[in-house]
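Structure, as structure tokens:
Derivation of every value follows stated rules applied to the coordinates shown; laboratory data play no part. These numbers were taken from a predicted model, which means no experiment stands behind them. Note that we place each Cβ from the backbone using ideal geometry, even for glycine, and neighbour counts take in every protein chain shown.
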Amino acid sequence: MSYINDQLIHTLKSFNVNLGDENYSGKVRENFYLDDKIIMVTTDRVSAFDHILGTIPFKGEILTQIAKFWFEKTKHIAPNHYIDDPDPQVLLTKRAKTLPIEIIVRGYITGSLWRDYEKGIDDQYGFKIPAGMTKNQKFDSPILTPTTKADYGEHDEPISKEEIVAGLVDKDIYEKAEKYAIELFSEGQKWAQERGLILVDTKYEFGMIDGELNVIDEIHTPDSSRYWMAEEYQERYENGENQLMLDKENIRQWLIEKGFSGEGTPPELSEDIRVLLSEKYMELYKVLIGDDYNPSLGDVNTRIINNLTDEGLLKENVNEG
Ligand SMILES: Nc1ncnc2c1ncn2[C@@H]1O[C@H](COP(=O)(O)OP(=O)(O)O)[C@@H](O)[C@H]1O
Ligand SMILES: [Mg+2]
């Protein structure tokens, strides 16, 4: 699709403006901390195996809009940090005191969990994964595999509930986070299933806002979740074939084929894979939300600056490019 090719030169690699007192540049997002709020700019960067690999056209806005969709849809299940979206790829959120762990909920054994299990590692989370499972098999009920939150280039490490409540998070708060994670995942699975998708697994982050546990970061986006096509699941599973994916696993597969699985320097993304991934993100949006995604064409940096200025979040003429 030619408009995706045209957008390759306009993607948002970084966002550099004087905003807030403090900023944090993550793998994908740039956070600008105001007093009790954050302006979260989702760049078009794509990361896998904890490395930044390049940019994908429209990725930032699609992710932001999917996250917004889910925050609004699930606020009755768990309070979250969402306030507003001043630009298609910017969220205004409440600033939280983050818990030092993430909770991954998994409905199926796949990805890194499967890669470990295949090597005989089956007890990293304080319980044993059932014996004799095969790749991409469904769990009887979803399991929780918490991890620590690692610094850039480091991998998040598995951790058990026992270790978490022994020193990192109050037991009551952690158990509430577990409950939120399970309920959100169940809501996500139900919604996905009605649209011919499987929500395979997803990662949640939590933080305290005004003394209350909140869901923060992003939810059920393709960066934090795996989605498969439901229709072909069973046959592909029985034949031992890879599942049809609408998510980040595409790029992991591409990297593995190029001989990269986390160690050393990642290969440069070709234009073809950047366009293909853009199509995947748009397809996921369409299937999940039910509407075609209407991407904003042209320079992303300028658009965001204009929108933030209009919303009074940015003083004029502070653009550093
Ligand atoms: N409401 C919030 N309050 C404080 N920090 C948050 C909030 N929501 C998300 N974050 C943090 O913002 C960062 C988002 O940027 P991201 O690119 O995902 O970074 P990372 O590379 O650390 O995963 C994450 O570190 C996440 O924990
Ligand atoms: Mg992150």
note = Long-range share for region 143-248, i.e. C-alpha pairs more than 24 Å apart as a percent of all pairs, stands at 35 percent
ask   = What FRET efficiency do you get for K179 and E283 if R0 is 22 Å and r is their Cβ-Cβ distance, rounded to the nearest 0.05?
value = 0.10
Reach of K128 by Cα under 15 Å, taken over aspartates and glutamates that are not fewer than 8 positions away in the same chain = D116, E118, D140, E162
message = Among the listed pairs K149/K171; K73/K203; K97/K176; K75/K248; K68/K286, which have their C-alpha atoms separated by more than 20 angstrom in this model?
response = K75/K248
ask   = What translational D, rounded to a whole number of µm²/s, comes out for region 230-321 from Stokes-Einstein when the hydrodynamic radius is the Kirkwood one over Cα pairs, at 37 °C and 0.692 mPa s?
value = 194 µm²/s
note = With 0.36 nm assigned to each residue of separation and the Cα-Cα distance removed, K13 to E194 gains 61.7 nm
request  = Find, to one decimal place in angstroms, the Kirkwood hydrodynamic radius of region 177-301, where the mean of 1/r is taken over every pair of different Cα atoms and then inverted.
outcome  = 16.7 Å
query = Taking the Cα-to-Cβ direction at N306 and at Q137 and moving 7 Å from each Cα, how far apart do the two end points lie in nm?
reply = 5.5 nm
inquiry  = Once R0 is set to 30 Å, what does the formula 1/(1 + (r/R0)^6) return for the Cβ-Cβ distance between E232 and T98, expressed as a FRET efficiency to the nearest 0.05?
reply    = 0.20
task = Please say if region 1-77 is rounded, prolate or oblate, where rounded means a/c under 1.5 for a ≥ b ≥ c the square roots of the C-alpha gyration tensor eigenvalues, and otherwise the choice is prolate for a/b larger than b/c and oblate otherwise?
result = oblate
task = Rounded to the nearest Å, what's the spacing between the alpha carbon centres of region 178-249 and region 10-25? Just the number, please.
result = 29 Å
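Fully extended, how many nm does the chain gain between K73 and N294 (0.36 nm per residue separation, minus their Cα-Cα distance)?
Gain in length upon complete extension: 77.5 nm.
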query = Which of rounded, prolate, oblate describes the chain, given a ≥ b ≥ c as roots of the alpha-carbon gyration tensor eigenvalues and a/c under 1.5 marking rounded, otherwise prolate only if a/b is larger than b/c?
reply = oblate
